[in-house]
Amino acid sequence: MPVDEHPNKAAFLQRVREALGRSEPLLHMPDHPTLKSALPRQEEKVRTVRARVEVSRARNIKRLAETATEASWYVHGPVAAEDAADVVAEIATGLRAKRVVRSSEDVFRRVNVDGALRRSGISATVLASGRSRDRSTLKALAFEADLGITGVTYAIAETGTCVVTPRKGVARLTSLAPPAYIALVEADQVLGSMDDYFALTRLAHQKSRGRVPTYVNFISGPSRTADIEQTLTIGVHGPGVVHMVLIA
Amino acid sequence: MAKVKSAAFKKASARAVRDEGIQHALTHVMDHFTEARAEAIATDYSDESWEAMRTRAAAIKAHTIGNLDYYLDLADRSVRRNGGHVHFADDAAAATQIVIDIAKRHGVKRAIKSKSMVSEEMGLNDALERAGIEPVETDLGEYIIQLAGETPFHIIAPAMHKTRGEVSDLFHDWLKSAPTSDIARLCSIARDALRKHFETAEMGITGANFVIAETGTVVIVTNEGNGRMTTSTPRVHVAIAGMEKLLPAIEDLPLFLRLLPRSATGQRTTSYTSFISGPRAASDEDGPEEFHLIFVDNGRLNLLKDEVLREALSCIRCGACLNHCPVYRKVGGHAYGWVYSGPIGAVVTGPMTGMKQAADLPYASTLCGACRDVCPVKIDLPKLLLHLRHRHAEGSPRDERTGTWMERLYMRRWHDAVKTRGALERSTRLGRLLQKPLVRRGKLRSLPLPLVSGWTKDRDFPALAPKPFRQIWKEGLGGDSDAG
Amino acid sequence: MALCATCLVDQFFPEVGVATVTLLRRLNVDVTFPEEQTCCGQIAFNGGYRTEAADVARHFMDVFESERHVVLPSGSCAAMIKVYYQELFRDDPEDLERAQALGEKTRELTDFIVNVLEVTDVGSPARGLVTYHDACHLLRELGISAEPRKLIEGVPGVELQEMPNSEVCCGFGGLFAVKYPHISIAILDEKLEAIRASGADTVVANDCGCLMHMRGAIERRGLGVRAVHIAELLAGE
Ligand code: SF4
């Protein structure tokens, strides 16, 4: 359902145009490289990105561990998929977590987090409104939880970043509301730089005829502030303790 | 719109240089920022590559601003395609009304806000309160100054002038918390107070660090997580963006995500970067059902119209020019009298709010150039300040001119005196005669002349030398040289 | 080579002009002083009075444009000619071209000595522990910071002791120092503290604006440091 144009748009744009010394709209898209790259060009570019990511995987993972540590993540692994769940359970136990919420996404099929947690006497709740849960229950669960666990869509070695894309099965609040957070990162999700990520994003946008995820978060460490006397303090509104589990 | 008190710069700055609290905060925080920035850049980049990045960023912003009508249109279409609403507000009042209308439509009682400089321009909090909607700032620094009833002291560290003691007192008054000098404890008091609001507020208001035209994406860069909360829990999200915040496409962004945090806080990256492209999808688990983006002019057109000042619209509000400005470092943010301070504030306040009332600001600079050298988008701030001075002295329309007749008189006398060698020699001879009664050991301890007498309050002024250089040259130093 | 003494040196600090001549002659430079010179126009330009500034700047160009080299003992005035004349004559192609041509052959003193004469030991008999203040326009408009240091270090009797934040402005800023003396002085206080912290007995700079500002307070307060122009140090008088 198309949303209506704002009544002031035409006049607003006209004033901008006149301030720029033009009276008519541009006839063509202005010449700008990142905007002009058409689908075949972008596909070519992404092929290069993927190839580069492939050959530099080991290096990227190593770099990710460094940058993430510098950004105050606790980094674990790389560990084998079958051991990852135990690492998660260990972290949860160490945090004395009682109420754990997690997303519902593919990685949990490969990593049996629920099982490992159960063995440690912790039960995890899937934070998804799908079946019976309404929005306010979901919110309440998230705010009451003491640990959130999600997978990622990508991780970026350059900045120690986990890219988390809220969608069906992945609530925005899972990685945000609880005071502690664990991100599960699989080796083939690790990219070298932000450029890699945005090249992929743009291709996806072009291929889906303009659709983009409604919401994406780069998470690069714990919530922090230095607003009082420039003193760094961890854990204001988001999680103060963040763990990254690298899965080989 | 937020009150503009820039006409009081002289008085306010004089008060600030004497204010021990402000001086203490400035000394500590400013060095912290400048050192962190230098280190963060040096860790990852050579001087040359950083320079190249700035050049590229400046070019991208100049391109975007130069085709702003196109990109605004593109962004508008993209956001609407994503199911969001786009508004175009000419001024603070219009933008404010749009926010209030949305709030009313949804029966909003309380709105949570993450940091937005444009909303500061608008004086949005006051307006919301008058409309019966409680605004709650959720960025810790903004929260503190909201409780204190102040405006931001710094673009990115709004409460940097407040000591922990003052914050503790504020929290005690407003939240009934026990006094403490533990900063972590103060943070957790704020966290607890704001959590309730995150859970219950019906509307979230944010700014936008960038808006990507092609994808219709609002990008918000934060550290605390309040930006994520504000865009996750309420039913409605309203993002307010200055109309210059655009970038053409998503692949333009990484460059800016590298420049901004390093320039601002000296971080490689901030804790969070959030990308919002419209309201939640039906299948999403949570998130606002309605998304609004308001593009605001509010005086930006006056910058755009002026081919020299246009450059100021490239600003990404990193605050580096403040941190490196010898004047800001002495007078702090409030003296500038509006929302933006330091060199960028001195440039934009007049054109955006009215030239006359801000006429003191372009002169509040030594033109040392430190700001330009650190600006991540290479805005030539000294050039812009000089251009504003030019407009104040000789610009048209005439009513922009603020130079006093006395100043003009000085200028005319100076011009007469240096027009030719003969004039110079005559007038300096006269000067030597006139200064005689005032000279002590080659110095003047006071300059009894209007406009310039301030110099000698704390400094001596040199007297005209008994013999100017040109005379020494002629009387022998020049020797046989006949070139003169 | 034509010397532009600058109006400050000509009228207030002739000893700096004399030192500049002595220094250049010691380096076998044939120094001339075009006597029609007055001022580069910077003060009017910085005040926004571009009509007056342009008028004076044109006179400046008339006087100097036939010279092969123009040398000034001031980073600020050199920057005015090399950088800001282009802004001043932005809309005037003919004068802009003249300004560009003149800008190319205009050099600040230490730039001229190190980069044109290719000399770093100027044979100065000066002695002492000195610290160097980077004048803003010299540093940021002209990018000159190594040259003066090389020259100072080239003086056998002199030891260069860097002060903290030597590249931070001293708070002069021309018009600024007059319009906002309270801020100007507050900035200067930090510079004086930095000079004190260096332990040097002499602070050297390439600009009489900064020096007049620093000296004004040093003398008023009776601080035990000397503020001297680099030409004086290098001439060793
Ligand atoms: S003018 Fe440049 S340095 Fe100053 S806030 Fe804007 S982007 Fe940052």
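Computed from the coordinates by the stated procedures, all read-outs in this text should not be read as laboratory data. None of the values given here were measured: they were computed from a predicted structure. Every residue, glycine among them, receives a Cβ derived from its backbone with ideal geometry; neighbour counts consider all protein chains shown.
Numerical summary
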{"read-out": "Sites A:ASP106 and A:GLU44, calculated FRET efficiency, Cβ-Cβ separation with R0 22 Å, nearest 0.05", "value": "0.20"}
{"read-out": "Size of region C:2-115 as Cα extents on the principal axes (Å, biggest first)", "value": "42, 27, 22"}
{"read-out": "Normalised per residue, the volume of the convex hull around the Cα set of region C:70-147 (Å³)", "value": "86"}
{"read-out": "Computed [θ] at 222 nm, deg cm²/dmol, chain A (DSSP H ≥ 4; -39,500 (n - 2.57); rounded to nearest 500)", "value": "-11500 deg cm²/dmol"}
{"read-out": "21 Å Cα-Cα reach of A:LYS36 towards lysines, excluding residues that sit fewer than 8 places from it in its own chain", "value": "A:LYS45, A:LYS207, B:LYS61, B:LYS245"}
{"read-out": "Relative contact order computed over region C:2-115 (Cα-Cα under 8 Å; 6+ residues apart), in percent", "value": "27"}
{"read-out": "Average beta carbon contacts from partner chains per residue of C:93-102, 10 Å cutoff", "value": "0"}
{"read-out": "Computed over region A:1-134: relative contact order in percent, which uses C-alpha pairs under 8 Å that are six or more apart", "value": "16"}
{"read-out": "Qualifying lysines (Cα of each under 19 Å from Cα of B:LYS176; at least 8 residues distant if same chain)", "value": "B:LYS162, B:LYS196"}
{"read-out": "Dimensionless Rg ratio for region A:78-149, taking C-alpha atoms and the 2.2 N^0.38 Å reference", "value": "1.11"}
{"read-out": "Chain C: angle of helix C:93-104 to the longest principal axis, Cα-based, in degrees nearest 10", "value": "30"}
{"read-out": "With eigenvalues of the C-alpha gyration tensor scaled by 5 and rooted, the protein assembly as shown, Å", "value": "57, 29, 27"}
{"read-out": "Inter-chain shielding of A:173-181 (mean C-beta neighbours from other protein chains, 10 Å cut-off)", "value": "3"}
{"read-out": "Pairwise centroid distance, computed over Cα atoms, of region A:203-233 with region C:66-105, Å", "value": "48"}
{"read-out": "Helix-only mean residue ellipticity at 222 nm for chain B, each DSSP H run of n ≥ 4 adding -39500 (n - 2.57), per residue, nearest 500", "value": "-14500 deg cm²/dmol"}
{"read-out": "Cβ-placed point charges (K, R +1; D, E -1), dipole of chain C about Cα centre in debye, nearest 20", "value": "640"}
{"read-out": "Spin-label pair C:THR32/B:THR163, simplified geometry with 7 Å Cα→Cβ offset, distance in nm", "value": "6.5"}
{"read-out": "In degrees, nearest ten, helix B:381-394 long axis to first principal axis of chain B (Cα)", "value": "70"}
{"read-out": "q = 0.28 Å⁻¹: log10 I(q)/I(0) that the Debye formula gives for region B:24-74, counting C-alpha atoms only", "value": "-0.96"}
{"read-out": "FRET efficiency, B:TYR45 to B:LYS436 (Cβ-Cβ, R0 56 Å, nearest 0.05)", "value": "0.45"}
{"read-out": "D (Stokes-Einstein, µm²/s), Kirkwood Cα radius, region C:121-235, 1.306 mPa s at 10 °C", "value": "112"}
{"read-out": "Charge dipole magnitude, Cβ of K and R +1, D and E -1 - the protein assembly as shown, Cα centre, debye nearest 20", "value": "1740"}
{"read-out": "Dmax and Rg, reported as Rg then Dmax, of region B:344-484 (C-alpha, Å)", "value": "20.0, 61"}
{"read-out": "For chain B, the spread of Cα positions along each principal axis, largest first, Å", "value": "92, 53, 47"}
{"read-out": "Packing rank of A:223-234, B:379-390, where each peptide gets the mean count of other beta carbons within 10 Å, highest leading", "value": "B:379-390, A:223-234"}
{"read-out": "Over region B:312-423: Kirkwood hydrodynamic radius from C-alpha pairwise inverse distances, Å", "value": "15.0"}
{"read-out": "Where labels lie 7 Å past Cα in the beta-carbon direction, separation of A:GLU82 and C:GLU118 in nm", "value": "7.3"}
{"read-out": "Point-to-point label distance, B:ALA282-A:ASP31, nm (Cα→Cβ direction, 7 Å offset)", "value": "4.5"}
{"read-out": "Entries of B:LYS115/C:LYS179; C:LYS82/C:LYS191; B:LYS383/C:LYS105; B:LYS5/B:LYS436; B:LYS330/C:LYS105 with Cα pairs more than 32 Å apart", "value": "B:LYS115/C:LYS179; B:LYS5/B:LYS436; B:LYS330/C:LYS105"}
{"read-out": "Estimated FRET transfer efficiency when R0 is 25 angstrom, pair A:ARG118-A:ALA187 (beta carbons, to 0.05)", "value": "0.45"}
{"read-out": "Compactness of region B:1-102 - radius of gyration and Dmax, Cα, Å", "value": "21.4, 55"}
{"read-out": "Cα Rg, Dmax, region C:149-209, angstrom units", "value": "13.2, 42"}
{"read-out": "Mean separation of Cα contacts under 8 Å (6+ apart) over length of chain A, as relative contact order %", "value": "24"}
{"read-out": "Region B:254-301 versus region A:103-160: alpha-carbon centroid distance in Å", "value": "25"}
{"read-out": "0 to 90° range, to nearest 10: angle between helix B:183-200 axis and chain B longest Cα axis", "value": "50"}
{"read-out": "In sequence order, calculated HN-Hα J values of region C:7-21 (Karplus, 6.51, -1.76, 1.60; Hz; x Gly/Pro)", "value": "5, 4, 5, 4, 8, 10, 10, x, 4, 5, x, 4, 4, 4, 5"}
{"read-out": "Cβ-defined net charge surrounding B:ALA159, 12 Å radius [Lys, Arg +1; Asp, Glu -1]", "value": "-4"}
{"read-out": "Long-range tail of P(r) for chain A (Cα pairs > 23 Å, %)", "value": "59"}
{"read-out": "Residue-averaged beta-carbon neighbours from other chains (10 angstrom radius) around C:16-22", "value": "3"}
{"read-out": "Cross-link reach list, aspartates and glutamates versus A:LYS139, counting only Cα pairs under 20 Å and skipping chain neighbours closer than eight places", "value": "A:GLU105, B:ASP192, B:GLU199, B:GLU202, B:GLU224, B:ASP284, B:GLU285, B:ASP286, B:GLU289, B:GLU290"}
{"read-out": "Volume in Å³ per residue [convex hull over Cα atoms, computed for chain C]", "value": "110"}
{"read-out": "Alpha-carbon gyration tensor eigenvalues x 5, square-rooted, for region B:405-483, Å", "value": "27, 18, 9"}
{"read-out": "Unpaired by the 4.7 Å Cβ criterion, cysteines found in chain B", "value": "B:CYS187, B:CYS315, B:CYS318, B:CYS325, B:CYS375"}
{"read-out": "Gaussian network model of chain C, springs between alpha carbon atoms under 10 Å - residue of C:GLY103, C:GLY41, C:GLY199 with greatest fluctuation", "value": "C:GLY199"}
